[in-house]
Structure formats: structure tokens, C-alpha cells
């Protein structure tokens, strides 16, 4: 790893300057790397109102108190106003020839580094030295940034892709870099160790930045003593839309952030290059999805075509998502689902909502993929239909189911599975409530008008639920089998329907379910 230049001038650098001959009166090792913004001179006992913070304050001590408590109050005042160190001027013609022990005690109490400026070194020399060191540090940072940018560019044009660029960045800055896709999965990292943990810790921040688009970013600095603070950053990657996100973790305070923009640009170019190279494969997969949608084919034929497209020969599940910008959604899904077939299909004519008119995205993925989680990440507010898992040659069936489930998804506000749509309860829920109530009243009206109607309806419901088994029905109702027979015969006479008729039995069952749904909808 190449060493980075210091971020500004430090007390260490000033103490090492032979022209200044500064004395280290009360400076702990941890204070040596404190950054000095400027050197200021003041003889005031409370100069805080004239300071901006980050100063090395120089004084000869004309007005300073002599006692430890008074000096401690003075040192704490300086500390409270951002002074990073105090320099006491010494000389034969000055108030102090040697550093007063009381001042050493006071600055240690206040946690304020104390330097001494020897006789013969004017304060203006210290001031000029601070600015000279700052200028030299800035020049070193610019030179380092130029070398690092060249190293990153060289890595970008050489084989290795994003991993090589991240490795060059880590070597130059000492900061870990991780590229994650839009689902937070690691695509590239340097170093690899700890990449998954970093992605997990920054998952919430990644989601926030992703929601802000390409102009979003986030920086988190962990408070710590100088030299120990850590800086974490999240940046979106991509040209016209987010393709992935960059996570950076490393020491704070160093000039590494000067090359972050270059890293983001080079990684964005690499991702766009990959996306461009994959465009032909995506078009081939879209055509394959259209071909498999034409009808059921032999599994061997479908398997060979899937293998040629780089898709595993395994059970597949289809989904159809209505979206106002289907091209963008299709691109996102293709990027995070490497084993998927994705295409944009136009909305059907005569659709009953604006979503289908805008367009639809159709896809097929291995059955092991959690489609609901993926769709929740990219199209949480869009209706989506999901078909059952089928053998490769029967993908057309799953696609047809997914399309049929779209209206249900629009009504329920969540992805609709074919298994759910296959439920009679779901079918009844799609009907208008007044129509449901009218159907139930028409079929069950004779029971409603009979004094024994409630008892007979319970008998009919139990008989249907137990598939016409007399003993099971009697057990479920807690009565004798003869009682069940008497009640069923009475129900047949009143309703005019025979329970040994499949059609009559089905209509009675539908009416009972419809009434249950109506009561649930009314809160009854």
C-alpha cells in the first residue's frame, strides 16, 4: 500500500522543523498527529471570540494568571473554542525564560497540548512555518491524487474489471471497497474479507441512497480520537440509471476522498461496459421467452435452448409485472437475476387498467428464486402475477397463469400467485358484493323463510364439507346419523335441490361461501 500524505500540517511536523526548535512541554503521543489549521497570536485571557478553531495559539503570557487554577480556566477556555495547541514564547526580555510549571499542570488538566517557542524564534516564523507546511502538504496531496488516479485508470483498462480497480484503490488508500447490486449482493470487493459484513451493516444506507437515484450519496464518520475515526461512504454507480452501489470503509481524515469521484466514474464505466456487452444475450433470452410462450414443447428441446442461453435446466416459474416504464424495470430485473429470461411485452388491448396499457415485464426464473422478494425490491407498488413452477417445456402454462393473476393482484394490492387465484374463495372475492349477496339470497332464500332454516343450513354445510359422508357429518354436528338424514331430506324438500346431484350440491356450497364472504366484508 502506498502511503498517503498527511491531511494538513501536524504538531509532529512542527516539532520536527529544525528552524523552529519548538519544545515539547506537554504533548502526548496521541496529540502529535493533531492537524493545525493556522497559527494565531493573542495576549488576551479570553481570546475565544477572535478564533475560528484549529489554531496553534501563541502567547508570551503578559496577562496570564500565575496560579494553577487561573491557568487551568484559561486553558479550558482555549480548548472550548477549538484551539488545538498552546505555544508559550520564552526569552530573556519576556515574562518567562522557562515554561512555568503551573502552566504545564494547567494544560495537562485541560487536555491542551503545550509547546514552547525558544528565545530568538519570532512568532511570525512559526506562523510562516505553519503555512509553508500546509502548502507542502497540499502539494503532496495533489501529487498523490494524480498518481492514484493514474493507477486507477491503468487498472480500469487492464484485464480484471471492477475487482482490479477496487484493488488499486485499496492499495493506494487503505480503504476497503465493495460493489453491491440493487439487491445488496456483493458483486466485487477488495479486500474480499469482510465484504459481506460491510454490505450487511450498510444495507439500510444502501436502500436510502438507491431511493435518491444517481444524485444520492451518503457519508458516515464514526467519532473517535484523531487517527482512529472511520469514514464510510455509499455512492450510486451507473450512467443514466443506477446499476450498482459502491461502499467504502476506511480511516477518516486522510485525503482518500479526493479520488473517490474517479473511482465512482471508472466503476460506472465498467458496469455500463458489462451491461452493453450483455445486451445481445438479453435480447436472445427475450426471444427465447417469446418462443417458449407459444405453447408446451418437449422438455429436452426446451432444456437445450435454455442451456444455450446460459439458463439452468430446472423447473421455472413465470411472473408478469405491470409497469409504467417497463424498459427500466426489465433492465433492473435482468441485472439482478442472471439466470432469468426477461422481456418487455406490450399491454393487452382492452385492458381494464392503465398499467397494462403502459406495458408489462414478463420473466421466467428458476423456481428456487424468491420472486416476491425480488419484486418487492423493484416494483413494490406494481401489480404482479406469479405462475406455478413447471418443467421447462411447460413454461407457457406458468406465463398464462401469471397473466391471468394480474387482475387479482390489482385488486389485492400485492403479488397474486396462481395457487391463490385457483382458490374458489379468491374467485368469489373478485365478484361485486351486491352480486354475491344476490346469488346467496336466491339459493338460500327458502331456508331463510323456514323456521328450521338455520338448523338445516348447518346440516347442509356439514354434509357438503364432509363430502356426503353420513357418519362424518353426524360426528361433526354431534347428532345421530338418522337425525342427519332427516335434516338433509327436509333441506332437499325446502330448497328443491338434491344433494346427490353434483350441480345442486356445488350451487349450495357456493351460496354458503358467498354468504360467508359477504358477512366478512360487512364485518359481521
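The values are calculated or read from the model by the stated rules, or taken from the named source; none is laboratory data. Predicted model, so just to flag it, every value in this text is computed and none were measured. Cβ coordinates were reconstructed from backbone atoms using ideal geometry, including for glycine residues, and neighbour counts include every protein chain displayed.
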(request) Give region 167-207 a look and list any residue that's in a helix (DSSP H, G or I), in contact with a strand residue (DSSP E or B) (Cβ under 9 Å, 6 or more places away or on another chain) and without any contact (Cβ under 8 Å) to a residue 12 or more places away in the chain, or say none. (result) 196, 201
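Take the residues in region 8-42 that are without any contact (Cβ under 8 Å) to a residue 12 or more places away in the chain and part of a loop (DSSP other than H, G, I, E, B); name whichever of them is nearest to residue 133 (Cα to Cα).
The selected residue is 16.
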(request) Answer with yes or no whether residue 460 is at pLDDT 85 or above and more than 18 Å from residue 513 (Cβ to Cβ). (result) no
(request) Using the structure shown, decide if residue 245 is assigned to a helix (DSSP H, G or I), touching a helix residue (DSSP H, G or I) at 6+ places or on another chain (Cβ under 6 Å), within 28 Å of residue 205 (Cα to Cα) and in contact (Cβ under 8 Å) with a residue 40 or more places away in the chain. (result) no
(request) Within region 313-339, track down each residue that is part of a loop (DSSP other than H, G, I, E, B) and within 28 Å of residue 382 (Cα to Cα). (result) 314, 315, 323, 324, 325, 337, 338, 339
(message) It is to be established whether one or more residues within region 332-341 are at pLDDT 90 or above, over 30 Å from residue 166 (Cα atoms) and assigned by TED's automatic domain parsing to the domain that holds residue 372.
(response) yes
(request) Answer with yes or no whether residue 145 is outside the structural domain of residue 190 (by TED's automatic domain parsing) and over 24 Å from residue 250 (Cα atoms). (result) no
(request) Report, by residue number, each residue of region 361-384 that is modelled with pLDDT of 90 or more and either buried (at least 16 other Cβ atoms within 10 Å of the Cβ) or in contact with a strand residue (DSSP E or B) (Cβ under 6 Å, 6 or more places away or on another chain) (or both). (result) 361, 362, 363, 364, 365, 366, 367, 369, 384
(request) Could you figure out which of (1) farther than 15 Å from residue 24 by Cα; (2) in contact with a strand residue (DSSP E or B) (Cβ under 9 Å, 6 or more places away or on another chain); (3) surrounded by fewer than 22 Cβ atoms within 10 Å (Cβ to Cβ) isn't true of residue 83? (result) (3)
(request) Mind listing whichever residues of region 265-311 are more than 35 Å from the chain's Cα centre (by Cα), surrounded by 15 or more Cβ atoms within 10 Å (Cβ to Cβ) and not in a helix (DSSP H, G or I)? (result) 297
